[in-house]
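Presented below is the structure to which this report refers.
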Amino acid sequence: MSAYSDVESLFNSSVGAEYLGEDITLVEHMIQCAELAMAEGSPDWLVVAALLHDIGHMLIPDAEEAQNSGVDRHHDEVGAEWIAARFPENVVEAVRLHVEAKRYLVTTDPTYVEKLSEASQITLKLQGSEMTPAEVEAFATTPFAEEAIQLRIWDDLGKVRGASQSSIEKFKPYIDSVALN
């Protein structure tokens, strides 16, 4: 199967119907994030990273139950691992770092936490809350940290019910241009 077929299969399955406490489906959220990346003229690989950033939630059995039980199943790492078999390092790392980017932004911008949805504020606690000064310094120098920060900003903005009418098919050219297979 191609990378696009793999992505399309997940997006068209029932696992993208819920989004862990948000007022939007997971698929709609990821598509909105990719549309925000496109609107800013981002390179194809970053559009794909925005599209796939929360795919780890779709791969984790009982993700909602785990979250409700106070368990972080590390959707960022799960998603990055799945993506690594299909896409280059820049896509993988932007996805892997988007949770750390949230922690970074909350730590470095005191007003940022107010921009998070209620569900994102809950998951922030599960994900480690604010960073230590050493973590901030390490994150800031990590390759693809800037792109992960931008992805995180789209992640927070892409939670508007009904804001997108696009489907996964719109992103086939982006996926095909970036995919390893």
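Numerical summary
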item	result
Degrees between helix 26-39 axis and first principal axis of the chain (Cα, 0 to 90, nearest 10)	90
Expected-Rg normalisation [2.2 N^0.38 Å, Cα atoms] applied to the chain	0.96
Accessible surface ranking that places the most exposed of M38, M131 first, with a 1.4 angstrom probe	M38, M131
Per residue convex hull volume, Cα atoms of the stretch 134-181, in Å³	109
Count, lysine Cα pairs under 26 Å in the chain, 8 or more residues apart or across chains	8
Packing rank of 75-85, 26-36, where each peptide gets the mean count of other beta carbons within 10 Å, highest leading	26-36, 75-85
Area of R103 that stays accessible when all protein chains are in place (1.4 Å probe, Å², to 10)	20
Accessible-area value, D109, 1.4 Å probe, nucleic acids and ligands omitted, Å²	50
Gaussian network model of the chain, Cα within-10 Å springs - most flexible of A140, A37, A49	A140
Accessible-area composition of the chain, carbon plus sulfur, in percent [1.4 Å probe]	51
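The values are calculated or read from the model by the stated rules, or taken from the named source; none is laboratory data. Every value quoted in this text rests on a predicted model; they were computed, and no experiment measured them. Note that each Cβ is placed from the backbone with ideal geometry, even for glycine, and that neighbours are counted across all protein chains shown. The accessibility values were calculated without ligands, DNA or RNA, using every heavy atom of the protein model including side chains. Shrake-Rupley method; radii C 1.70, N 1.55, O 1.52, S 1.80 Å.
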